[in-house]
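Quick notes on the structure that follows.
Please treat every number below as a calculation from the coordinates, not as lab data. Since we're looking at a predicted model, the values are computed, not measured. All Cβ positions, even for glycine, are placed from backbone atoms using ideal geometry, and neighbour counts span all protein chains on display.
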Amino acid sequence: MTYSILEKKFQMRFINFSFLILFGFIIQTVDSQNAFSQTDYVSPYSIKYTFSRDSLIYDLLNTERGDYKQSSTTDYADWYSSSVKKKYGVWGPATKQYDTPEIIKEKSAEWMRERLIATASLFLGYGYQHHHIPDWDPPAGWPWKKVCMGTNGKGVDCSNFTAYIYNVGFGIKLNSNTLKQSQMLNLSEISNGLVENAEMINEPATYEDFVNTFKPGDLLFIKAANNKPVSHVIVWLGYMGQSPDGTPLIMDSHGAEVKDANGNTIPCGIHIRPFEKTSWYYNKFSHAIRIIGSN
């Protein structure tokens, strides 16, 4: 699928973020308003779509569903109120459950997997924060749990990221706690009836088998370095992830501890990262959950 060169600011959007779409690839550029210290980082990785990216997330780009101010159980006017501060503290307002979008009806599993990745790509460049909503941007003096960003601001952690993209993309409201999310197999009550059960996938026999086993949108859960229960979750990109050296790619919200194909440190926050044989991701892999195409 071929696109003309287009740089577009979204009018109805989750984030102040721009993309360059070129010949079916999406190249990340970061808006200074969300960039923190990441403005100079240029990723060597990209995402390739079989379907038109704009058609995959048309509703997120052009309807109220894509307006982050409508994403909470709390009215936007109260997001920064003393009552929200008292009730939710560092996390900020809770996310509402979205309904099942009309756009996904009668679509194939492949189409829905690509929609999930397209939805996730809207948040590339966002910071790592312990928040529920990526665009919640607390003012100075708001309670803050110290993270790698060095200051408070927009962003989410790993499991709030995965919970948010499945929610806004499909109306599937996963638990935002990493351990609890890793155990969610019965989804009938949190998916508006869209999905009955998720499929648990145990560790493939070899590193090479990962490529053949997992599909875009699968959630891979990673154990802590001390082998305690899972402490991290990543989104598998599969065939959609384009790497100059052929390394499988994932997307997650993570600290600045991973180097890219050019040897540069990938900044803290939501980015595309390599799934290498020597990586923590691979060596501490616990299991995966497949939501799309599991039934």
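Between the listed residues PHE170, ILE234, VAL195, the Cα displaced farthest toward the positive end of the dipole of the chain, a dipole computed from Cβ unit charges relative to the Cα centre, is found at ILE234. Once the Kirkwood radius over Cα pairs is known for the chain, the Stokes-Einstein relation at 4 °C and 1.567 mPa s delivers a diffusion coefficient of 67 µm²/s. When each of the peptides 65-72, 158-165, 230-237 is scored by the mean number of other C-beta atoms lying within 10 Å of its residues, the order from highest to lowest reads 158-165, 230-237, 65-72. Of the three principal axes defined by the Cα atoms of region 138-291, the extents in descending order read 44, 41, 31 Å.
Look at the alpha carbon pairs under 8 Å that are at least 6 residues apart: their mean separation over the length of the chain gives a relative contact order of 17 percent. Between the listed residues PHE214, TYR58, PRO134, the Cα displaced farthest toward the positive end of the dipole of the chain, a dipole computed from Cβ unit charges relative to the Cα centre, is found at PRO134. This model, with +1 at the C-beta of Lys and Arg and -1 at the C-beta of Asp and Glu, gives the chain a dipole about its Cα centre of some 620 debye.
Which net charge results when you count Lys and Arg as +1 and Asp and Glu as -1 among the other residues whose beta-carbon is under 12 Å from that of ILE270?
On the way: positive: LYS154, ARG273; negative: ASP157, ASP252.
Result for the neighbourhood of ILE270: 0.
With the alpha-carbon atoms of region 234-295 aligned to their principal axes, the span from lowest to highest coordinate is 40, 22, 21 Å, starting with the largest.
Each helix, a run of at least 4 DSSP H residues, gives -39500 (n - 2.57); summed and divided by the residues of the chain, these come to -5000 deg cm²/dmol at 222 nm.
When its C-alpha radius of gyration is set against 2.2 N^0.38 Å (N residues), region 186-273 gives a value of 1.24.
Which pairs break 24 Å Cα to Cα here: LYS215/LYS277; LYS48/LYS284; LYS85/LYS145; LYS48/LYS146; LYS87/LYS146; LYS154/LYS277? Result: LYS48/LYS284; LYS48/LYS146; LYS154/LYS277 exceed 24 Å.
Using per-residue counts of other Cβ atoms within 10 Å, averaged over each peptide, order 283-291, 178-186, 80-88 from highest down.
Details: 283-291: 19.6, 178-186: 17.0, 80-88: 13.7.
Listed from highest to lowest mean packing, they are 283-291, 178-186, 80-88.
Sorting the segments 209-220, 121-132 by their residues' average number of neighbouring beta-carbon atoms within 10 angstrom, most packed first, yields 121-132, 209-220.
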